[in-house]
Each structure stands twice: as structure tokens, then as C-alpha cells.
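A short reminder: the numbers here are calculations on the coordinates, not readings from a lab. The shown structure was predicted, so the numbers you read here are calculated from the model rather than taken from an experiment. Here the Cβ positions follow ideal geometry from the backbone for every residue, glycine too, while neighbour counts run over all protein chains shown.
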Ligand code: 2BA
């Protein structure tokens, strides 16, 4: 199982590339813990010998970008998460986890 967290901007391109390569995937809407903005998580159940191909597609279709984290106000919120100035971070290409699968069952 390949779990890939990608930027929303890349998700359509990646799902199209996966469909064209006959690779099945499920897309989940997710939120980054740090930026607290939307990203997309792909769950891709795949045979071990096709993992390299999946990784190549992810690499081809997901690019790294600079994203600015807007200053957070502490008004009515958590003082601990107060950030007084914009912070620029490098996000993605993609964050990928590869997990073993015990069983795959479809009814
Ligand atoms: P976010 O958590 O929103 O993080 C966005 C970007 O902010 C990260 O890009 C990284 O450049 C920066 N960042 C994250 N945590 C930081 C921290 N504590 N201090 C300084 N900078 C920090 P990426 O590393 O490319 O991660 C993109 C997204 O992938 C993350 O969005 C998160 O949704 C996911 N992700 C990354 N590493 C993960 C992990 N170990 N477990 C689960 N999800 C992860």
C-alpha cells in the first residue's frame, strides 16, 4: 500500500496519470497539521513489483512549491499557536509512506 500526501494543485494530474496507467487509488481530502490547509491523500493498493512505477508517477506529477503561512492571530484562539509574522515553507512534491498489507478482500 502506497499512501501519498500531495498538494491539492497536483491531485487531479496525479489521479489522471494513475487511471491512465490502470492503477487504482482512493483520494481522501486531508489537512496538513502544520499549515492547516487542505491537501490530498492517495491510498494506492498495489502489487509490490509495481511500487517503483507508482513512485515514478508521483514524482513526475507532484511538484514542490513555496507556501507562505499567514500570520496567525491569537485573538479568541490559542496563544501558544500565535505566529506574528508570515513564514515561508517548502511543501511537497509528495510525502509517501509504503506499508505492507496483510490481506486484500473485495466483496
Ligand atoms: P503540513 O503539516 O501542513 O506541512 C507543510 C510544510 O510545512 C511541510 O512540507 C514542511 O515543509 C513544513 N513543516 C511541517 N511541519 C513543520 C514543523 N514542525 N516545523 C517547520 N516546518 C514544518 P512537507 O514536509 O512537504 O509536508 C507536506 C504535508 O505532508 C504536511 O502538511 C502533512 O500533511 C504531510 N506530512 C509530512 N510529513 C508527515 C509525517 N511524518 N506524517 C504524516 N503526514 C506528514
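Summary of values
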| quantity | calculated |
| --- | --- |
| In degrees, nearest ten, helix 51-61 long axis to first principal axis of the chain (Cα) | 50 degrees |
| Sorted by Cβ neighbour density within 10 Å, fewest at the top, the residues 42, 104 | 104, 42 |
| Between 0 and 90°, nearest 10: helix 8-20 axis offset from the chain longest Cα axis | 0 degrees |
| For 57, 35, 28, order by how many other beta-carbon atoms lie within 10 Å, fewest first | 28, 35, 57 |
| Estimated [θ] at 222 nm from DSSP helical runs (n ≥ 4, -39500 (n - 2.57)) normalised by residues in the chain, nearest 500 | -7000 deg cm²/dmol |
| Cα radius of gyration and Dmax for the chain (Å) | 16.8, 52 |
| Which of 2, 89 has the fewest Cβ neighbours within 10 Å, and the rest in rising order | 89, 2 |
